[in-house]
Amino acid sequence: MHYGFAIDQERCIGCHTCAVACKIENNLPNEIWWNRILTDGGSNEMDIPKGSFPDNSIDYLPVNCQHCENPACVKVCPVGATYKDEATGIVRQDYDKCIGCRMCMAACPYTGVRSFNWQEPEYMLDYTLGAKDSPAHQRHTVEKCTMCWHRVASDGEPECVKACPGRARIWGDLDDPESDVSKAIASREYKQLLPEEGTKPSVYYLV
């Protein structure tokens, strides 16, 4: 089994619903986003078009942890805090083991998909949002998209997939040729981020 995403760039409207749903479901601290909606050819900020007026265009590019088959982060973690779950292919993070060295952040070629809690996590609201079994956030630890492990473990799907109003996000078992995600990849042209890095990301962008 190997879980992954296909993201249909023709259907993505850049509404940020997936990013907000992720933040709520996982009770993410202030200023922390596991899922960001960037633009293809724009800068590392939101809603930046490609090209110059009047010859510009905008294609949205949701970016989260790529849950690589060959994750660079796992290779450099000195304590095994970041690891690949062999049963699902999901790259996970053990906050209790994390020593805050940030080697995984340095090794990851996908800028911004990992965050570091420099201080005790702070929240806009004084009560916990999201799932009761979502991971608790800790000071001086690295965190990232978990592919909603707490939902997947109960035979659910990631919240970003469930929440997407345009049905631009498709998720499932990449090893199963009959899964929706495998069928989507087989029927469309696609691209992956930084294939030259050799990490074999598990996120496919349908173009």
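The values are calculated or read from the model by the stated rules, or taken from the named source; none is laboratory data. In this text the structure is predicted, and so the values were computed from the model without any measurement. Cβ placement follows ideal geometry from the backbone for every residue including glycine, while neighbour counts extend to all protein chains displayed. Remember, those area values only see protein heavy atoms, side chains included, never the ligands or the DNA or RNA. Shrake-Rupley method; radii C 1.70, N 1.55, O 1.52, S 1.80 Å.
Annotation: peptides 31-41, 96-106, ranked by per-residue average of other Cβ atoms within 10 Å with the highest first, follow the order 31-41, 96-106. By the rule of a second cysteine Cβ within less than 4.7 angstrom, the chain holds isolated cysteines at 12, 15, 22, 68, 77, 98, 101, 108, 148, 164. Listed by chain and number, the aspartates and glutamates placed with their C-alpha closer than 20 angstrom to that of residue 50 are 8, 10, 40, 59; residues fewer than eight positions away on the same chain are left out.
For the range 3-206, carbon and sulfur atoms together expose 50% of the accessible surface, with a 1.4 angstrom probe and every protein chain in place. Summing charges over neighbours of residue 48, with a neighbour being any other residue whose Cβ is under 13 Å away from its Cβ, gives -2 when K and R count +1 and D and E count -1. Solvent-accessible surface of the range 109-180, averaged per residue with a 1.4 angstrom probe and all protein chains in place: 56 square angstrom. Which of rounded, prolate, oblate describes the range 1-138, given a ≥ b ≥ c as roots of the alpha-carbon gyration tensor eigenvalues and a/c under 1.5 marking rounded, otherwise prolate only if a/b is larger than b/c? Here the range 1-138 falls in the prolate category. Which FRET efficiency, nearest 0.05, do residue 186 and residue 70 yield, Cβ-Cβ r, R0 22 Å? That gives a FRET efficiency of 0.50. Geometric descriptor of the range 134-176, per residue, is 106 Å³ (volume of the convex hull of the Cα atoms).
What number, in percent, do you get for the relative contact order of the range 1-83 if the mean sequence gap of Cα pairs under 8 Å and at least 6 apart is divided by its residue count?
23 percent
Taking 19 Å as the cut-off for C-alpha to C-alpha distance, list the pairs among 23/162; 23/191; 97/162; 23/97 that go past it. Cα-Cα > 19 Å for 23/191; 97/162; 23/97; rest within.
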